[in-house]
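Have a look at the structure below before the remarks.
The values are calculated or read from the model by the stated rules, or taken from the named source; none is laboratory data. From a predicted model like this one, the values you see are computed outputs, not experimental measurements. Positions of Cβ are generated from backbone atoms using ideal geometry, with glycine treated the same way; all protein chains shown enter the neighbour counts.
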Amino acid sequence: MKNLFSNIKGDAFGGITAGIVALPLALAFGVSSGLGPSAGLYGAIFISFFAALFGGTNTQISGPTAPMTAVSMVVIASIIAVNDGNIEKALPAILMVFFLAGLMQIGLGVLGLGKYIRYIPYPVVSGFMTAIGVIILLTQILPAIGYYPNEDEAFVKTFEAQAKTNLLSNVLEENVSEKTLVLDALNETIADAESITQNNVINEAKNIAKSKAKKPQSVIMLLPRALSNINWLELALALGTIIIIYGFKRITKAVPSTLVALVVMTAIALGFKLNYRPIEAIPSGFPVPNLEIFTNFKIGSIMPYFFTALTLALLGAIDSLLTSVVADNMTKTKHKPNRELVGQGIGNTIASVFGGIPGAGATIRTVVNIQSGGKTKLSGMIAGVLLLIILLGFSGIASKIPTAVLAGILLTVGIGVMDYKGLKAIPSMPKDIKIGPIKLSSEVLIMLIVLVLSTFWDLIFAVGIGLVISSLMFMKKIGHVTAQMSDVKPLKEEAWDDEIGFPENLKEEVFIKHIKGPLFFGSTNDFQQLATQIPATAKTVILRFGRMQYMDQSGLYVLEDILLDLRKNGVQFLIVDLLPQPRYLMERIDIIPDLIPNEHIFKTFDDCLQWIKQHVENKYQ
């Protein structure tokens, strides 16, 4: 507690400044997520306070971030779609997924997995971060130009047939019991279907049209229509916001340019009494816990989103720990990764109970905190308290912020979050793989695959596929490098020092094979050539395993196949200096003693040579 209050003045300045920076972003991320500005603000309040209190990085400022919001947006849109476009009905399931992600983060920290997060390959992270930027840019273009698909009557009309199908499907699902459509259920279904009004159809069609604005590929298809229906006032507000954000940075960085843009553009809209579109109203008063996530909990409603919750947990962990590294470099301190994950998890679970979107350690806000004098956990807690004060005292004013202004802020966030370092490196990366006649860099290929799949298909599967491809590429490279160091190739064997005195009269009857290095999946192809190396006259093969420290399952079964094939031709095997790990595997599948008896295994070559002199007959000299 003493350390917590050791830098009150610096922490107060740092926390207040970071909180001011967080305000416009929290509101913008809330709107972008689909749950509204209040969800972003609630997330920023609770995550900032509790992640700082329980976390392992003293200067970390946490809250909603671009990557977490992009994944959350997918979760929210999916669950709302399943619940007939009714956000109130979908909310408990949405918040339970966020709650589960927080619990998973706590679990990661408790299990001590924080130190392993850094092993996620850079191309996967790079492709994902750039995709986040692209998704934010594409999904914010429409609100920035004032086009909302669900308000375009001609566009909504095109979905009426799909809306009728959806409504009828919902009626059928609600009335069918145990997959049997009994007569009573059939009559009830017909009655419910007949009660569907044109109003219901239009509302469902609007929900379908609205969902299109959340999918990058749909936005691209909508662009021509949107550009012909631009709301010039909304576009002017968005452009004004972007110009101030980039322009004010050139004047000074002492005051956050996003906050300046938010205040100036909102003041202009209010002062000139412009007919703009405001954000959703932010409820006044202290946030109330949404206990329906527990009372109405159904395991079936969140099971399809289990891996999405895991992705949120891992993404939040990566985001936070990368920011912790930045903080360490600036403050010359050392964060505690597992404790940081526990703190982030606690922050996200509490935020979800109060209706907040999930978040993570935020790099820009953390840097601002440090530069403003923040040194202890108190700074992050003060940032959260400041946002709570703004919520309690100024929610009415905040509700008058133009939607286009937040869209402009998010467009700059989308541009800033992309990994330009990775993109700039594309031309200079070594082209180490060949696909047909084309040479490519495996790292660039992974990055592009993750980027494209994340943007136009699924963020979760894209990361999974990226990790699998990265692992396979890594195994191939390491296999190739190790195989080059491992001498199991079909080359002429050179005698080792202790073999110089080998009897000349037995050289045609005995073949000596040296294995230098591990026998694993990367070297098995060369080892399979062993059978072709053995002269027809040699019926005894000495395998020198003293320099084979490791054998994997691939190597084990290749060895077994070779021994079985050569045994059919009357070849016997002797092994010299067999190390513990390969011997253990060979005994597990009975290569020893079924194919190679224990009496054919020798500690030294001299012992083996004595056995040969006694048991191998000279037939050719």
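Tabulated results
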{"quantity": "Some residue of segment 81-89 being outside any helix (DSSP H, G or I) and at negative phi", "calculated": "yes"}
{"quantity": "Test: residue in segment 304-326 that is farther than 30 Å from Ser454 by Cα, in contact with a Gly (Cβ under 8 Å, 6 or more places away or on another chain) and not aliphatic (A, V, I, L, M)", "calculated": "no"}
{"quantity": "Qualifying position, being part of a helix (DSSP H, G or I) and either without any contact (Cβ under 8 Å) to a residue 12 or more places away in the chain or of a type outside the set (S, T, N, Q) (or both), among Lys619, Lys613", "calculated": "Lys613"}
{"quantity": "Candidates Gly63, Gly56, Gly10, Gly43 - the one that is under 24 Å from the mean Cα position of the chain (by Cα), surrounded by fewer than 24 Cβ atoms within 10 Å (Cβ to Cβ) and under 25 Å from Lys336 (Cα atoms)", "calculated": "Gly56"}
{"quantity": "Per-region count, segment 574-589, residues touching a helix residue (DSSP H, G or I) at 6+ places or on another chain (Cβ under 9 Å) and loosely packed, with under 12 Cβ neighbours inside 10 Å", "calculated": "1"}
{"quantity": "Single unsatisfied condition, Ile87 versus (1) modelled with pLDDT under 85; (2) surrounded by fewer than 23 Cβ atoms within 10 Å (Cβ to Cβ); (3) within 20 Å of Val325 (Cβ to Cβ)", "calculated": "(3)"}
{"quantity": "Where a residue in segment 426-448 is under 15 Å from Tyr122 (Cβ atoms) and its partner, wherever it lies, is polar (S, T, N, Q), with Cβ under 7 Å and at least six apart", "calculated": "Met429/Ser441; Pro430/Ser441; Ile446/Ser470; Met447/Ser126"}
{"quantity": "Filter result for Phe474 (buried (at least 16 other Cβ atoms within 10 Å of the Cβ) and either of a type in the set (Phe, Trp, Tyr) or at pLDDT 80 or above (or both))", "calculated": "no"}
{"quantity": "Test for Asn329: is it at pLDDT 90 or above, surrounded by fewer than 22 Cβ atoms within 10 Å (Cβ to Cβ) and either of a type in the set (A, V, I, L, M) or farther than 26 Å from Pro289 by Cβ (or both)", "calculated": "no"}
{"quantity": "Which listed residue, of Gly36, Gly30, is of a type outside the set (A, V, I, L, M, F, W, C) and more than 22 Å from Ser257 (Cβ to Cβ)", "calculated": "Gly36"}
{"quantity": "Long-range neighbours under 7 Å by Cβ, at least six apart or interchain, first residue in contact (Cβ under 8 Å) with a residue 40 or more places away in the chain within segment 397-408, second among the β-branched types (Val, Ile, Thr) and part of a loop (DSSP other than H, G, I, E, B)", "calculated": "Ala398/Ile282; Ser399/Ile279; Ser399/Ile282; Ile401/Ile279; Thr403/Ile279; Leu406/Ile279"}
{"quantity": "Among (1) surrounded by fewer than 24 Cβ atoms within 10 Å (Cβ to Cβ); (2) touching a residue at least 12 places away in the same chain (Cβ under 8 Å); (3) not basic (Lys, Arg), the one test that Gly359 misses", "calculated": "(1)"}
{"quantity": "Total residues in segment 304-326, condition over 17 Å from the mean Cα position of the chain (by Cα) and either modelled with pLDDT of 85 or more or closer than 24 Å to Asp419 by Cα (or both)", "calculated": "3"}
{"quantity": "Close pairs from segment 375-393: first within 9 Å of Asp11 (Cα to Cα), partner charged (D, E, K, R), Cβ under 6 Å, at least 6 apart", "calculated": "Thr376/Asp11; Leu378/Asp11; Ser379/Asp11"}
{"quantity": "Scan of segment 590-603 for residues that are crowded, with 17+ Cβ neighbours inside 10 Å and assigned to a helix (DSSP H, G or I), ordered by number", "calculated": "Ile591, Ile592, Leu595, His600"}
{"quantity": "Long-range neighbours under 7 Å by Cβ, at least six apart or interchain, first residue touching a residue at least 12 places away in the same chain (Cβ under 8 Å) within segment 10-35, second of a type in the set (Lys, Arg) and part of a helix (DSSP H, G or I)", "calculated": "Ala18/Arg365; Val21/Arg365; Ala22/Arg365"}
{"quantity": "Flag if Leu237 is assigned by TED's automatic domain parsing to the domain that holds Leu137, in contact with a strand residue (DSSP E or B) (Cβ under 7 Å, 6 or more places away or on another chain) and aliphatic (A, V, I, L, M)", "calculated": "yes"}
{"quantity": "Filtered residue count, segment 503-519, keeping only those that are within 47 Å of the chain's Cα centre (by Cα), part of a strand (DSSP E or B) and crowded, with 18+ Cβ neighbours inside 10 Å", "calculated": "3"}
{"quantity": "Ser126 vs. criteria closer than 30 Å to Ala163 by Cα, surrounded by 24 or more Cβ atoms within 10 Å (Cβ to Cβ) and not aliphatic (A, V, I, L, M)", "calculated": "no"}
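Residues checked against (1) aromatic (Phe, Trp, Tyr); (2) out of contact with any Cys (no Cβ under 7 Å at 6 or more places or on another chain); (3) modelled with pLDDT of 85 or more; (4) farther than 24 Å from Leu137 by Cα:
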| position | (1), (2), (3), (4) |
| --- | --- |
| Ala12 | no, yes, yes, yes |
| Leu35 | no, yes, yes, no |
| Ile61 | no, yes, yes, yes |
| Ala66 | no, yes, no, no |
| Met96 | no, yes, yes, yes |
| Ala101 | no, yes, yes, yes |
| Val110 | no, yes, yes, yes |
| Arg118 | no, yes, no, yes |
